[in-house]
Every structure is written in C-alpha cells, then in structure tokens.
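Note sheet for the following structure.
The values are calculated or read from the model by the stated rules, or taken from the named source; none is laboratory data. All values derive from a computational prediction rather than experimental measurement. Virtual Cβ from ideal backbone geometry, glycine too; neighbours counted across all protein chains shown. Areas reflect the complete protein model, heavy atoms only, side chains present, ligands, DNA and RNA absent. Shrake-Rupley method; radii C 1.70, N 1.55, O 1.52, S 1.80 Å.
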Amino acid sequence: MTRPNDRNHPQMIEYRNVRVALLGAGSVGSQVARLLLEHGDELASRAGAGLELVGIAVRDTEAERDVDLPKDLFTTDAESLILGADIVVELIGGIEPARTLVLQALQSGADVVTGNKALLATHGPELFAAAEQVGAQLYYEAAVAGAIPIIRPLHDSLAGDRIVRIMGIVNGTTNFILDLMDRKGATFEDALATATELGYAEADPTADVEGYDAAQKAAILASLAFHTSVPLAAVHREGITAITIDQVRAARKAGYVVKILATAERLTDEDGREGVSARVYPALVPESHPLASVHGAKNAVFVEAEAAGDLMFYGAGAGGVETASAVLGDLVSAARRHVIGGPGVAESTQADLPVFPIGTVRTRYQITLHVADAPGVLSTVAGVLAKHGVSVETVEQTSALQTDAPGADRTGATATLVIGTHLARESDLADTVVALRNEDVVAEITSVLRVAGA
Ligand code: HSE
C-alpha cells in the first residue's frame, strides 16, 4: 500500500499491512471476520493500509460458527495473537477474560476495538487510562445501540456543542415487548415468550427486562456526552416486569406510548451546582415524540444539544452483521490512525461533574389511583400533593358507578383518578406516592409512571 502527498515525505511511502487480531467469533465476530476477508481491498483503500486478519482467538477452535472461515485463522492462544497485532478487536463479551486481554493489548501499544458494553460500563476508566498511557486508542461504537452511529457523533461531531439530554431506546428486546403489548394487546408474559421464540431475548432475559443492559449503555452515553466518568452504580435502574397491559392501554388513551428509556441529563441541583443524571426506567412518551414511533426491536437515541437542537439516531441495535458494521467502521478509523501515526485521542473526562442521585432529578409523574367516590376525596388527594410541593397539571376522574340517577345508592362507590403532575423533584414525588398510599380514601394506586422529557 502506498500513501501519496505526505508533506514530510514527498516521495511515495510503502506501508505494510495493519495486522488485526480478532478475539471471539460469535454472531458479531464471525461477521466481522467474513466482511474483513470479503471486502479487504475496499476497506484497504478507505483505511490507507491493508487490513490483514492475522488470527481469531476462540475458546474452542472446532465449535460450529455462523460463517465458514479459514480453519488456519483460529487459535486458542489469545495472548500470543495479541502480541503480534496492531489492532485488537475484542468481541468476547463479559468482563473476564475480556478485561485482561484488552489491557494486555493496550499495554502492548495496540489500538483496541470493542463492542463490550459491560466491560466499558464497569472498567471504562481503567481501560481509557491504559490506552492514554501508551498513546493507544480504544474504539467502542458497537457497544451502544449496535449498528447505530452514536459514539462517534457524540465523541467528534458534537464535540463543539453542549449536550443537554439524551433519551435512548437502547434495548431492542424490551422495545419489542412493549411494542407488542401496545400494538397487539399482548400481556408482558406473552410478549416476552414471543421475544424469546424469535431469538431477541436470551434464555435468561433478566439483563434486558430488568434494565441492566440499558443501564450499562446509559453509563457509557452519559460519560461520553458530559465529559465525566459516570459509574454504572450511579445509574438509577427500573425494568419493565411490572408494566401491565392496563397501563399500556391507558397510556395510549391519554396520548402516550410506554417505552423503557435510558436517559442521561445535565441538570442543576437546588444549590445551583451543575451535575449529571443517568437513569433507566419505563416512561410515558408523548405520541408526537419521534421516540414513540420506534417499533419492534429497533433502537433510537434522541439527543438534545444546546446549539444543534434535537437530533435522532435510529436503526438496528443488535444483530451479528448489523453490529459488525459498527466494528468495521472503528477498525477502518483505527487503521487510518495507524497510517497517520501519533498518539490516540484520550477520552475526555475533564468536566468531572458530580453524578446526582435520582431524588435530585425533576420529572413529571402520572399517578393512577382508585379512591372512594365521596365528598372531599379530591381535595384530600390534592392536599397530599400540595403538602409535598407537587403541583397538579391535570386530573381526570372516571366513576365506577355508571349512573347518576337521582336516588342511586353511592355507598362504597369508587372512582379512578388519573393525576398528571407538573415538573417536581423525584424525591418529593416519591414521598407523595407513599403519603397517598397511607390515605384512607385511597383504595389502591394502580400505576405510577414518569412522563418523558422536561
Ligand atoms: N440484548 C440487547 C438488546 C442486545 O435486546 O438490545 C444488544 O445489547
């Protein structure tokens, strides 16, 4: 490979191939290997150097793969493979041995491309520090929202802007489940069974339905967007296992769709201190919001930036070949950097903002409760909200008794109240819900959901 027009080296310079080691040959890894072998020439012309796949480290060289790949590429000796590589692509997943191997690769001076969200969310600072120490670079476009370009836009394209908020549908399995509940009236259990049948949900779907997967992605996005290290433990997390078909139907009637969102937000606390929040929970998304029309297992990330305004990134959040696209994009970038030379760009955490707990966040709630249908009940309920400094925006009452005929016996009648609040502190809203539960006139609180956005 030759590189023309080098100002310091006017003569044509010969470049050797960039040696690529692949760790892992699962659904993404095997597609990366296939595309690398099939489109080698095209990728080389984009990268400015040939990308030579020098080996694929796996646990079992005889295991069946999604793709037929040359047998002689496989090895179980990941450590030796890393030592002979310029770029290491880690697609093993999980923490160990991925962490040790990525550290070894970085310490040997290799750039690393990874799609490992769990590793980044739990050991990101350690890995970025290791990269910076030797001038290597860690690329991770595939770690959040599969094929969707979101890391590079936040890292580069929006580096001159100030991100205000990110709201992402970053877990395809849960979006598929909620969408099936919404569009087909399926229960959570039936929708989960379908997601499992279709291969979206794992045999153990806990990481998806309890929001752990989305929380890892929220930590990565928040760290990147706010130039601050946001630990996974600081991400507030609630899953969708308690979402009922009644809640989903009622949401639609009120003009909302229930979506589980990973939110990263810049905010100011009561003392005027600037900080960030990262959280995952199911929320009511207004039908008019672009995120409301994200269906099936698709992902989308909605970014609100001070100067750029609203931006939305949409596409496949998982899948072998789709995610391989993001890995190969990083690989080409890493190879280009290798050709140009110089140290990698260090991850920026210079803002070092405090990460606020969920109680500090200001949000809106929609609370649905069954109450006694009797004089003074509404004012009692309103009084509880007022006492906690929560302002009511809307109230809708439906009486369980279908007749207003004079003389009808209303003893024991109940009504359903749907209360929408103005923006209030999460801690005040949580206290309000507890206080409402303790009121005699409140028979049951059937739903408490946040409304997305400000
Ligand atoms: N289980 C994840 C999802 C895969 O359903 O989106 C991608 O992280």
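Every residue in region 275-298 that is of a type in the set (S, T, N, Q) and under 24 Å from residue 254 (Cα atoms), please. Don't jump to the end; show me each part of the working.
Step one: filter region 275-298 for residues of a type in the set (S, T, N, Q), giving 277, 288, 293.
The answer is 288, 293.
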* Asked: Hey, any hits in region 131-145 for a residue that's at positive phi and of a type outside the set (Lys, Arg)?
  -> yes
* Tally, over region 209-220, of residues that are within 19 Å of residue 152 (Cα to Cα), of a type outside the set (A, V, I, L, M, F, W, C) and open to solvent by less than 30 Å² (accessible area, probe 1.4 Å) -> 1
* Looking at (1) more than 16 Å from the ligand (Cβ to nearest atom); (2) farther than 19 Å from residue 313 by Cα, can you tell me which one residue 164 breaks? -> (2)
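Restricting the search to region 306-329, which residues are away from the ligand (no atom under 16 Å from the Cβ) and within 15 Å of residue 152 (Cα to Cα)? Quick ask: steps written out before the conclusion?
Looking only at region 306-329, we keep the residues that are away from the ligand (no atom under 16 Å from the Cβ), and these are 306-312, 328-329.
311, 312, 328, 329 - these are the residues of region 306-329 that are away from the ligand (no atom under 16 Å from the Cβ) and within 15 Å of residue 152 (Cα to Cα).
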* To do: Check 174, 114, 187 and return the single one that is β-branched (Val, Ile, Thr), farther than 17 Å from residue 312 by Cα and within 12 Å of the ligand (Cβ to nearest atom).
  => 174
* Within region 284-303, work out how many residues are closer than 24 Å to residue 359 by Cα and surrounded by fewer than 18 Cβ atoms within 10 Å (Cβ to Cβ). => 1
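Quick one: is residue 223 touching a helix residue (DSSP H, G or I) at 6+ places or on another chain (Cβ under 6 Å), of a type in the set (Ser, Thr, Tyr) and either within 12 Å of the ligand (Cβ to nearest atom) or open to solvent by 20 Å² or more (accessible area, probe 1.4 Å) (or both)? Full working, then the answer.
On the way: touching a helix residue (DSSP H, G or I) at 6+ places or on another chain (Cβ under 6 Å): no; of a type in the set (Ser, Thr, Tyr): yes; either within 12 Å of the ligand (Cβ to nearest atom) or open to solvent by 20 Å² or more (accessible area, probe 1.4 Å) (or both): yes.
No: the conditions fail for residue 223.
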* Going by the structure shown, is residue 233 of a type in the set (Gly, Ala, Ser) and open to solvent by less than 50 Å² (accessible area, probe 1.4 Å)? -> no
* To do: Being within 17 Å of the chain's Cα centre (by Cα) and open to solvent by less than 20 Å² (accessible area, probe 1.4 Å) is the filter here, so list the residues in region 266-283 that pass it.
  => 276, 277, 278, 279, 280, 281, 282, 283
* Structure fact -> Those residues of region 129-168 that are assigned to a helix (DSSP H, G or I), crowded, with 18+ Cβ neighbours inside 10 Å and more than 20 Å from the chain's Cα centre (by Cα) come to a total of 2
* State whether one or more residues within region 210-220 are within 11 Å of the ligand (Cβ to nearest atom), modelled with pLDDT of 95 or more and either aromatic (Phe, Trp, Tyr) or on the phi > 0 side of the Ramachandran plot (or both). => yes
* **Residue check for residue 159: modelled with pLDDT of 95 or more and within 16 Å of the ligand (Cβ to nearest atom)** => no
